[in-house]
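Inspection log for the structure reproduced underneath, given as structure tokens.
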Amino acid sequence: MPDLHDRRAIRGSYVTFRANPFDVPTQDALVLEEDGLIIMEYGHITHCGAYSALHGLLGDNTPVTHYKDSLISAGFIDAHVHYPQISAIASWGEQLLPWLEQYIFPTEAEFANINVARQTARLFLAELLRNGTTTAAVYCTVHPQSVDAFFEESARLGTRMIAGKVLMDRNCPPYLQDTAQSGYDQSAALIKRWHGRERQLYAVTPRFAITSTPEQLELAGDLLHDTPGLFMQTHLAENLDEMAAVRSLFPNHTSYLDVYAKAGLDGPRAIFGHAIHMSEHDFAHCHHSGCTLAHCPTSNLFLGSGAFRLFDALNPDRPVHVALGTDIGAGTSLSLLATMGEAYKVSLMAGDTRLSAAQALWLATAGAARALHLHDRIGHIAPGMEADLCVMDPNATPLMAQRNARCTSLSERLFTLMVLGDDRAIRATWVNGKMAYEKNVDPA
Ligand SMILES: [Zn+2]
């Protein structure tokens, strides 16, 4: 249990949002406080603004950490990632379905052993913090103990995490199968144990339509509607062979998305990973039902799945919530900075609209929080918000320092960070009002 009773403050340049940069020009969306002060107490931000205006509130006993030549942001939010797959990152040579068979299922089988789950959860969450990520929507494995191990470590760190047990009752190796009923029962027990306990949130997690029977999807829908505030996460329209398999397994549905919608798995707090091969009808359905699409550019490039049509998804006539995901182990970096850089490139592959640095940062912070209905708690630097922050170093490498010296605007500085930056550019990460990671300092 973290000690929340210490009042602390950090001083430095910070950036946050006052509006959505997809709706208004960058200068109207971003707030930059060049010499800012953020005061935190009981895990929340109590004050933030110009140091000159606020330093009188500090008193004698508030420790202040001063980050010079840095840029502080709300902690990053990763909307799609698989913690058990961290050991299978960078596996060569396959597209989605054979990649799952050859690399992922054998790796996930190891999580029957609680010690493997605990050790991996610890490494994974430490890696998130090293990358400035303070909230993630995380797939565990089919084993309930993989979820316990993950939430135990997250609760120890005090991080706000979303996670769930993978549901799979067909088309996977027998050693990874549950049944519709056992998956329901195990999920219900985990929801009772973890959902809303301190900062932990549960996501009902059918892997995807191929590995769940219609009965399992129906029961997943029941779980979702039995407990208010639950999340749902699954994969959607990632790969053409996957799309063909779904069509043959569910011949009476109008689309891949329709398979989930008919089971009651759409709606607010439903997070669909990838959504590359979407029809206009699918986008409109997501808009009306309030779903979130998790755009995972490094994964889509690595597996050759295709280019997500970001600006099509965000069409102002029927905008769909979009957040960014790293999708480890198909993704190639846990860094949201690196993922923002790849999202910029993929947006150009998919069309001729350029993603701005402010828009990319929005997708990784405030926009993701809004998509996940957590914007009253995370994603902004503002009084009352939970104090999850990342401190970026625009001069983290000699090359970045060289480039940063020529930057003349905040947008340029942010763009350099997202194109050249990764874990090296994260100087510190604060969670729940306390420093949880500091570069070049061994973890406690
Ligand atoms: Zn995934």
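The values are calculated or read from the model by the stated rules, or taken from the named source; none is laboratory data. Keep in mind it's a predicted model, so treat the numbers as computed, not measured. Heads up, the Cβs are rebuilt from the backbone with ideal geometry, glycines too, and the neighbour counts pull from every protein chain shown. The area values use the complete protein model at the heavy-atom level, side chains included, leaving out ligands, DNA and RNA. Shrake-Rupley method; radii C 1.70, N 1.55, O 1.52, S 1.80 Å.
Where residues in the stretch 157-183 are of a type in the set (Lys, Arg) and surrounded by 18 or more Cβ atoms within 10 Å (Cβ to Cβ), which of them is farthest from residue 235 (Cα to Cα)? Once the filter is applied, the top-ranked residue is 160.
Of all residues in the stretch 292-320, how many are closer than 18 Å to residue 256 by Cβ, more than 16 Å from the ligand (Cβ to nearest atom) and not in a helix (DSSP H, G or I)?
Filtering the stretch 292-320 for residues closer than 18 Å to residue 256 by Cβ gives 292-296, 299-300, 303, 305-309, 312-313, 320.
Okay, now just the ones that are also more than 16 Å from the ligand (Cβ to nearest atom), so 307, 309, 312-313, 320.
Cutting the leftovers down to not in a helix (DSSP H, G or I) gives us 307, 309, 320.
Residues meeting the conditions: 3.
In the stretch 84-104 there is no residue that is at pLDDT 95 or above and among the hydroxyl-bearing types (Ser, Thr, Tyr). In the stretch 202-230, the residue that is surrounded by the most Cβ atoms within 10 Å (Cβ to Cβ) out of those that are under 18 Å from the mean Cα position of the chain (by Cα) and among the β-branched types (Val, Ile, Thr) is 204.
Quick one: would you say residue 400 is within 19 Å of the chain's Cα centre (by Cα) and modelled with pLDDT of 95 or more? Judged against the criteria, residue 400 is not a match. Just so you know, in the stretch 364-375 the residues that are open to solvent by less than 10 Å² (accessible area, probe 1.4 Å) and assigned to a helix (DSSP H, G or I) include one that is nearest to residue 270 (Cα to Cα), and it is 371.
Among the criteria (1) in contact (Cβ under 8 Å) with a residue 40 or more places away in the chain; (2) among the aliphatic types (A, V, I, L, M); (3) in a loop (DSSP other than H, G, I, E, B), the one residue 361 does not fulfil is (3). Taking the conditions exactly as written (within 16 Å of the ligand (Cβ to nearest atom), at pLDDT 95 or above and not in a loop (DSSP other than H, G, I, E, B)), does residue 15 satisfy them or not? No.
Before we move on, is residue 142 more than 30 Å from residue 426 (Cα to Cα), part of a loop (DSSP other than H, G, I, E, B), at pLDDT 95 or above and among the aliphatic types (A, V, I, L, M)? First the steps, then the outcome.
Values: more than 30 Å from residue 426 (Cα to Cα): yes; part of a loop (DSSP other than H, G, I, E, B): yes; at pLDDT 95 or above: yes; among the aliphatic types (A, V, I, L, M): yes.
Yes, satisfied.
Of the residues making up the stretch 325-336, those that are open to solvent by less than 10 Å² (accessible area, probe 1.4 Å), more than 9 Å from the ligand (Cβ to nearest atom) and either among the basic types (Lys, Arg) or outside any helix (DSSP H, G or I) (or both) are 326, 335.
Within this structure, residue 364 passes the test of being touching a strand residue (DSSP E or B) at 6+ places or on another chain (Cβ under 6 Å), more than 16 Å from the ligand (Cβ to nearest atom) and within 14 Å of residue 79 (Cα to Cα). With (1) more than 18 Å from residue 212 (Cβ to Cβ); (2) within 13 Å of the ligand (Cβ to nearest atom); (3) in a helix (DSSP H, G or I) as the list, and residue 282 as the residue in question, which single condition is left unmet? All conditions are met except number (2).
Search the stretch 271-302 for residues being at positive phi and small (Gly, Ala, Ser), and hand back the single one that is surrounded by the fewest Cβ atoms within 10 Å (Cβ to Cβ).
Step by step, filter the stretch 271-302, then rank; the result is 290.
Scanning the stretch 231-242 for residues that are touching a helix residue (DSSP H, G or I) at 6+ places or on another chain (Cβ under 6 Å) and open to solvent by 10 Å² or more (accessible area, probe 1.4 Å) gives a single hit, 241. Given the criteria free of Cβ contacts under 8 Å to residues at least 24 places away in the same chain, more than 16 Å from the ligand (Cβ to nearest atom), part of a helix (DSSP H, G or I) and surrounded by fewer than 21 Cβ atoms within 10 Å (Cβ to Cβ), does residue 188 qualify? Judged against the criteria, residue 188 is not a match. Mind counting the residues in the stretch 18-45 that are in a strand (DSSP E or B) and either over 22 Å from the mean Cα position of the chain (by Cα) or of a type in the set (A, V, I, L, M, F, W, C) (or both)? Residues that pass the stated criteria total 13. Among the residues of the stretch 351-380, the ones that are modelled with pLDDT under 95 and within 16 Å of residue 23 (Cα to Cα) come to 2 in all. So, residue 339, is that one within 16 Å of the ligand (Cβ to nearest atom), closer than 22 Å to residue 130 by Cα and not hydrophobic (A, V, I, L, M, F, W, C) or not? So residue 339 fits the description; yes. If the condition is being in a loop (DSSP other than H, G, I, E, B), away from the ligand (no atom under 16 Å from the Cβ) and within 25 Å of residue 302 (Cβ to Cβ), then the stretch 226-278 contributes only 278.
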